[in-house]
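Working notes, beginning with the structure itself.
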Amino acid sequence: MYVAMLRLLAIGHLSSALAVPFWSVPRGDGFEHARLAVLTALWMGQFLTVPIGLVVGLVLAVMDSWTRPPGYVLGAITTAFGVIVADQARLTMSWLDGRPSGLGDPDGESTVAFLAFLSGVVTILVGLSIVLIRWSGYEPQATPVRQRGSTEIWQEEAVRQGERSAFAPRGRPFPVIGEWPR
């Protein structure tokens, strides 16, 4: 269930970059002002894209329509994106809190940079969890088979093939389901 939600959460974090051309208007000259404007636009974009991704992921998870785990590429790109956002937010916070202050109102801008840093950390965790799920070999389609005990599966296979069970006493064939043992 959480596989679709995790995938669309990562896509929601990455989709926040679509807000950058629309909301990133620097208030001053220089690279630092542009970096602050981009981080603010990313953070504002996540208010739109992450909830949409979570709702769509929840709907797809309930419908069981997207059960394949996300790939290594999505996990790696999401992790790299989170590292870049967190690093740029940390650098922006040090610029805003330095002397002389970068802007007229550094408190509000520091809050935005700190929230962008937390967003980058969450994005890193989402990307790493995607990579770890993929690396562990988790396949949600195999869950119904795992719910039955492996012993039951081996016994059913032995009955089908007419073999003795490894769990039956020596010298006796495994009884067929519905028959009394001899």
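Among the residues of this structure, Thr78 counts as one that is under 24 Å from Leu132 (Cα atoms), of a type in the set (S, T, N, Q) and crowded, with 16+ Cβ neighbours inside 10 Å.
Taking segment 68-87 as the range and being among the β-branched types (Val, Ile, Thr) and within 13 Å of the chain's Cα centre (by Cα) as the test, the residues that pass are Val73, Ile77, Thr78, Thr79. Being farther than 23 Å from Phe114 by Cα, of a type in the set (A, V, I, L, M), surrounded by 15 or more Cβ atoms within 10 Å (Cβ to Cβ) and more than 13 Å from the chain's Cα centre (by Cα) is a property that Leu60 has. Among the criteria (1) modelled with pLDDT under 85; (2) surrounded by fewer than 18 Cβ atoms within 10 Å (Cβ to Cβ), the one Leu96 does not fulfil is (2).
Inspect all residues belonging to segment 19-29 and state whether any of them is free of Cβ contacts under 8 Å to residues at least 24 places away in the same chain and of a type in the set (Ser, Thr, Tyr). Checked against the condition, which is being free of Cβ contacts under 8 Å to residues at least 24 places away in the same chain and of a type in the set (Ser, Thr, Tyr), segment 19-29 yields at least one hit. Residue-level check: of (1) assigned by TED's automatic domain parsing to the domain that holds Phe47; (2) at pLDDT below 90; (3) not charged (D, E, K, R), Gln155 misses just (1). Please work out if Phe22 is assigned by TED's automatic domain parsing to the domain that holds Arg134, out of contact with any Leu (no Cβ under 7 Å at 6 or more places or on another chain) and not β-branched (Val, Ile, Thr). In short, yes.
The values are calculated or read from the model by the stated rules, or taken from the named source; none is laboratory data. Source: prediction; values computed, not measured. When we count neighbours, we look across all protein chains shown, and the Cβ atoms used for this are built from the backbone with ideal geometry, even at glycine.
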